[in-house]
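The block underneath contains the structure these notes are about, expressed in structure tokens.
The values are calculated or read from the model by the stated rules, or taken from the named source; none is laboratory data. Source: prediction; values computed, not measured. For neighbour counting, all protein chains shown are included, and Cβ atoms are generated from backbone atoms with ideal geometry for every residue, glycine included.
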Amino acid sequence: MTGYNFDFLISALVFLFLLLFHSMNQKKLQNINGKIFNYFIALGILDILFDMLSTIMMASASACHTEITKITLTIFYMMQALVPYAFMCYIYSLRSYHGEELKNKFKLWFIPTLIILLFIFSNLWSGLLFYFDPSGIYHEGAWYLFMYIYVFVYVLLAALDSIIHFKEIGWKKFFVLWEFFVIACVCVGIQAYNHQRLLTGFGLCLGITVLFLTLNNPYAYTDRLTDTFDNTFFEQWIQEKLYEKKAFHLLSVDVYQLKRVNKVFGTSVGDQLLIQVAHGLQEISNSIHIFRITGNRFILMTYSLEEYEKCRNGILKLFEKTFQVNGEEISFPAIICGIRNGQKLQESDVLLAYIEYLVSIAPESETSLLIQGDEKNLQGFRYEQEIERYLNTAIEEDLFEVYYQPVFSLETGKYITLEALSRLRHPSFGPVSPEVFIGIAEKSGQIARIGYLQFRRVCRFIKEHEEIMSQIKNIKFNLSPLELLSHGYSQMLIDVIREFELSFDYFQFEITETVATEYNENLYQAVTGFLDVGIGLCLDDFGSGYANLNTVLKLPFSSIKLDRSLLSGILDNPQIASFYENIVSILQNMGYNIIAEGVETEQEMKMLAQWGVDLIQGYYYSPPVPEKEICQVIE
Ligand code: C2E
Ligand code: CA
Ligand code: CA
């Protein structure tokens, strides 16, 4: 027995036990790859254990326990046959295979492994691999090289497989696998050269350690702050569940005031609140999985409807009260979205987009609220998805239209400016409200391309009817925040005007109050770029939100459009009327041209006229009309 260095095997065993313990204990949540990894470690442990036992027994050879030695060695050989198989399964599970597909692969590879296992077992009688003579001495059988060849072929196939599919598994995993091969081969090589250096098991242990550190570290998938699972893990997990077609139910929790809390109380308070929320969620039930998929969004997942109801009620209760940080009471409300049978959405991207949609339709609120993913909401979501898809076609084929709404001047009794408004028709849904498609395009990033196409259309229209510009002072064109803030976009618009050889003062860009509020460098550059060439600016939707007057007034607008919402109530509420009147007089005193938006009745028009408003836009005079009709309307 002397000469064998068992220390390596013993330390390998200790190591693998530790890894297995940590790998299995991680919140009992494992995907297929994680489960196979655990089996792999367990097999590694058995393999090393029997390697050690059989070596010890053989070294202390004696006729009396030959049978036991023989059986121990046979089991060791069987482990040697199973380890490569488990590794092959592990490699497969690293790829994008799921569920059934993966199980079929496992079955396929098990057939040769099973034959080998039977062959090893039959060695107890055949002695082809090894045998013991009557005095208990070990001898190599005629086929003793077979096991080496078998393992070699397996490793070769696994290595080839990783090369063939390296795109699928990605560089990172590819390199890790090769690290494994190299470590294992070096250790096997050393042991083959010097039988007394028992390094094969140790090599296996090193390889597994590398996998643990890089690909299968269960702690890598947890969110450090809240100790919940992170979004990478959510992606993997949800893919698996969707593939398995198993029913699951989700609850998403958006703590939407996190940004504000961070701003007001500091990020450490925000962190504390997140931790409290995560703990609170964890306490609702032991059998749910909690993920933190964005800074302020948690997702809870359950498999039973009872559990789902329990969680929903638990969450509502959690957010009923205020939270306490450093003795301070802080209200930290959440938008809670419930989705039953999430598997029906079929794709993880769709599922996440649906959550996004549900959050987006939540009414503005200062308290927590619950939104259920019911049939109606699902339809709304599918509608938006279809519009988003259709927008691509519409952009490719330039299927948009521009309608023009004239603005009437009471003083001159003429239309003196136009607003260009986009229109889109869906082949089966009919006209789509610009509010809807512009909103979707803003979220999906398609808005800049739409804006560009539409602006060209407006320029083309002016080029063809330049005579109207003697009556019409300018055409107002809406710009979305994203367009304005994207670098180089304003220059692109200026270039279009140059291309059509039009005068810059034919144009005025409308910027909404909310954009003007978010004063930033890009916005300022865009705006000054327009002013430099002589394009006017109009502040749109004034009074519709919570504009920061200070920042708004820093921007050089020449006109201000008072939002339609300010009109509601002016006819029967003297206070509202006086409010409107005063705004008009303040802004006029500051030198702005005022346009009243959304005037629908004669009474409204008369009231505005009394208050000195000159420019009026609204259905009372004209709705937005198609390009070919606008020339008639303004005559
Ligand atoms: P907006 O810029 O405030 O445009 C005025 C909206 O009020 C238009 O809605 C117009 O049809 C509507 N309107 C005009 N007079 C009346 C009235 O008397 N009563 C009522 N109830 N409504 C009136 P529309 O065309 O549906 O556009 C909605 C919004 O979509 C626009 O609001 C604008 O923010 C956006 N939008 C439209 N076209 C474009 C575009 O080409 N680019 C960008 N970025 N946004 C656009
Ligand atoms: Ca507008
Ligand atoms: Ca407006």
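Return a yes/no flag: does the range 442-452 have any residue that is touching a helix residue (DSSP H, G or I) at 6+ places or on another chain (Cβ under 8 Å), among the hydroxyl-bearing types (Ser, Thr, Tyr), away from ligand 2 (no atom under 16 Å from the Cβ) and modelled with pLDDT of 95 or more.
Yes: one or more hits.
Restricting the first residue to the range 122-136 and requiring it to be part of a helix (DSSP H, G or I), which pairs with a second residue that is modelled with pLDDT of 95 or more meet a Cβ separation below 7 Å and a spacing of at least six or different chains?
ASN123/THR74; LEU124/THR74
Quick grid of which residues meet (1) under 21 Å from TYR308 (Cβ atoms); (2) surrounded by fewer than 17 Cβ atoms within 10 Å (Cβ to Cβ); (3) at pLDDT 95 or above:
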{"site": "THR228", "(1), (2), (3)": "yes, no, no"}
{"site": "LYS241", "(1), (2), (3)": "yes, no, no"}
{"site": "ARG260", "(1), (2), (3)": "no, yes, no"}
{"site": "GLY270", "(1), (2), (3)": "no, no, yes"}
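Residue by residue, here is whether (1) of a type in the set (Ser, Thr, Tyr); (2) modelled with pLDDT under 95; (3) in contact with a Leu (Cβ under 7 Å, 6 or more places away or on another chain); (4) surrounded by 15 or more Cβ atoms within 10 Å (Cβ to Cβ) holds:
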{"position": "ILE475", "(1), (2), (3), (4)": "no, no, yes, yes"}
{"position": "PRO481", "(1), (2), (3), (4)": "no, yes, no, yes"}
{"position": "ILE494", "(1), (2), (3), (4)": "no, no, no, yes"}
{"position": "PHE504", "(1), (2), (3), (4)": "no, no, no, yes"}
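Working only within the range 555-584, note down all residues that are surrounded by 13 or more Cβ atoms within 10 Å (Cβ to Cβ) and in a helix (DSSP H, G or I).
ARG564, SER565, LEU566, LEU567, ILE576, ALA577, PHE579, TYR580, GLU581, ILE583, VAL584 - these are the residues of the range 555-584 that are surrounded by 13 or more Cβ atoms within 10 Å (Cβ to Cβ) and in a helix (DSSP H, G or I).
Spot the failing condition for GLY543; the list is (1) more than 14 Å from ligand 3 (Cβ to nearest atom); (2) farther than 28 Å from ILE497 by Cβ; (3) touching a residue at least 40 places away in the same chain (Cβ under 8 Å), and only one is missed.
It is condition (1) that GLY543 fails.
Here is a list: VAL552, VAL599. Which entry is within 16 Å of ligand 3 (Cβ to nearest atom) and either touching a Phe, Trp or Tyr at 6+ places or on another chain (Cβ under 6 Å) or part of a loop (DSSP other than H, G, I, E, B) (or both)?
Every option except VAL599 fails the conditions.
Does ILE120 meet the test of being at pLDDT 90 or above and within 27 Å of THR55 (Cβ to Cβ)? Break it down into steps so the answer makes sense when it comes.
On the way: at pLDDT 90 or above: yes; within 27 Å of THR55 (Cβ to Cβ): yes.
When the stated conditions are applied, ILE120 passes them.
Any residue in the range 477-497 that is of a type in the set (D, E, K, R) and within 11 Å of ligand 1 (Cβ to nearest atom)? Write out each step before concluding.
In the first step, residues of the range 477-497 are kept if they are of a type in the set (D, E, K, R); the result is 483, 495.
With the extra rule that they be within 11 Å of ligand 1 (Cβ to nearest atom), the set shrinks to 483.
Within the range 477-497 (the criterion being of a type in the set (D, E, K, R) and within 11 Å of ligand 1 (Cβ to nearest atom)), the answer is yes, since at least one residue qualifies.
Based on this model, can you work out whether GLY534 counts as within 16 Å of ligand 3 (Cβ to nearest atom) and at positive phi?
Details: within 16 Å of ligand 3 (Cβ to nearest atom): no; at positive phi: yes.
Spelling it out, it is not the case that GLY534 is within 16 Å of ligand 3 (Cβ to nearest atom) and at positive phi.
Just name the residue that is surrounded by the fewest Cβ atoms within 10 Å (Cβ to Cβ) out of those in the range 585-599 that are of a type in the set (S, T, N, Q) and in contact (Cβ under 8 Å) with a residue 12 or more places away in the chain.
As a first pass, look at the range 585-599 and keep what is of a type in the set (S, T, N, Q): 585, 588-589, 593.
Next cut, in contact (Cβ under 8 Å) with a residue 12 or more places away in the chain only: 585, 588, 593.
On the way: SER585: 13, GLN588: 16, ASN593: 17.
It comes out as SER585.
For the range 557-574, which residues satisfy the criterion of being charged (D, E, K, R) and either within 11 Å of ligand 1 (Cβ to nearest atom) or closer than 19 Å to LEU615 by Cβ (or both)?
Pass one, the range 557-574, residues charged (D, E, K, R): 561, 563-564, 572.
Across the range 557-574, the qualifying residues are LYS561, ASP563, ARG564.
Based on this model, can you work out whether LEU567 counts as without any contact (Cβ under 8 Å) to a residue 60 or more places away in the chain and more than 16 Å from ligand 2 (Cβ to nearest atom)? Working first, answer last.
Details: without any contact (Cβ under 8 Å) to a residue 60 or more places away in the chain: yes; more than 16 Å from ligand 2 (Cβ to nearest atom): no.
The answer is no for LEU567.
Among TYR415, TYR404, which is the only one that is at pLDDT 95 or above, more than 37 Å from the chain's Cα centre (by Cα) and closer than 19 Å to ASP541 by Cα? Let's see the steps before the verdict.
Numbers: TYR415 fails: closer than 19 Å to ASP541 by Cα.
The match here is TYR404.
Pairs only if they're at least six apart or on different chains, beta carbon under 7 angstrom, first in the range 611-628 and without any contact (Cβ under 8 Å) to a residue 60 or more places away in the chain, second within 16 Å of ligand 2 (Cβ to nearest atom); list them, first residue then second.
Hits for this filter: GLY618/GLU597; GLY618/GLY598; GLY618/VAL599; TYR620/VAL599.
Determine whether GLU513 is surrounded by fewer than 16 Cβ atoms within 10 Å (Cβ to Cβ) and within 12 Å of ligand 1 (Cβ to nearest atom). Working first, answer last.
Working: surrounded by fewer than 16 Cβ atoms within 10 Å (Cβ to Cβ): no; within 12 Å of ligand 1 (Cβ to nearest atom): yes.
No.
Which residue is nearest to the chain's Cα centre (by Cα), if the candidates are limited to the range 441-450 and must be within 15 Å of LEU399 (Cβ to Cβ) and assigned to a helix (DSSP H, G or I)?
Filtering first and then ranking leaves ALA441.
Report, by residue number, each residue of the range 455-505 that is outside any helix (DSSP H, G or I), free of Cβ contacts under 8 Å to residues at least 60 places away in the same chain and charged (D, E, K, R).
Narrowing the range 455-505 to residues outside any helix (DSSP H, G or I): 465, 471-480, 486-488, 500-503.
With the extra rule that they be free of Cβ contacts under 8 Å to residues at least 60 places away in the same chain, the set shrinks to 473, 477, 479-480, 486-488, 500-503.
LYS473, GLU501 - these are the residues of the range 455-505 that are outside any helix (DSSP H, G or I), free of Cβ contacts under 8 Å to residues at least 60 places away in the same chain and charged (D, E, K, R).
On the basis of being closer than 24 Å to ASP227 by Cβ, over 19 Å from the mean Cα position of the chain (by Cα), of a type in the set (A, V, I, L, M) and surrounded by 13 or more Cβ atoms within 10 Å (Cβ to Cβ), does LEU369 make the cut? So that I can check it myself, show each step before the final result.
Details: closer than 24 Å to ASP227 by Cβ: no; over 19 Å from the mean Cα position of the chain (by Cα): yes; of a type in the set (A, V, I, L, M): yes; surrounded by 13 or more Cβ atoms within 10 Å (Cβ to Cβ): yes.
So LEU369 does not fit the description; no.
Taking the options ILE208, ILE169, name whichever one is in contact (Cβ under 8 Å) with a residue 60 or more places away in the chain and in contact with a Ser or Thr (Cβ under 7 Å, 6 or more places away or on another chain).
On the way: ILE208 fails: in contact with a Ser or Thr (Cβ under 7 Å, 6 or more places away or on another chain).
Among ILE208, ILE169, only ILE169 is in contact (Cβ under 8 Å) with a residue 60 or more places away in the chain and in contact with a Ser or Thr (Cβ under 7 Å, 6 or more places away or on another chain).
Find all pairs meeting these conditions: Cβ atoms under 6 angstrom apart; at least six residues apart or on different chains; first residue within the range 12-24 and under 11 Å from CYS205 (Cα atoms); second residue of a type in the set (A, V, I, L, M).
Note: pairs meeting the criteria are ALA12/ILE48; LEU13/ILE48; LEU16/ILE41; LEU16/ILE45; LEU19/ILE41.
With respect to THR514, is the statement that it is part of a helix (DSSP H, G or I) and within 16 Å of ligand 3 (Cβ to nearest atom) true? Steps first, answer last, please.
On the way: part of a helix (DSSP H, G or I): yes; within 16 Å of ligand 3 (Cβ to nearest atom): yes.
In short, yes.
Out of (1) modelled with pLDDT of 95 or more; (2) in contact with a strand residue (DSSP E or B) (Cβ under 7 Å, 6 or more places away or on another chain); (3) over 22 Å from VAL527 (Cβ atoms), the odd one out for ALA420 is which?
The number of the failed condition is (3).
Select from the range 315-335 the residues that are touching an Asp or Glu at 6+ places or on another chain (Cβ under 8 Å) and surrounded by 14 or more Cβ atoms within 10 Å (Cβ to Cβ) and write down the one among them that is nearest to GLY280 (Cα to Cα).
If we take residues in the range 315-335 being touching an Asp or Glu at 6+ places or on another chain (Cβ under 8 Å) and surrounded by 14 or more Cβ atoms within 10 Å (Cβ to Cβ), then PHE323 is nearest to GLY280 (Cα to Cα).
Considering only residues that are surrounded by 15 or more Cβ atoms within 10 Å (Cβ to Cβ) and polar (S, T, N, Q), which ones fall in the range 133-185?
Correct list: SER162 only.
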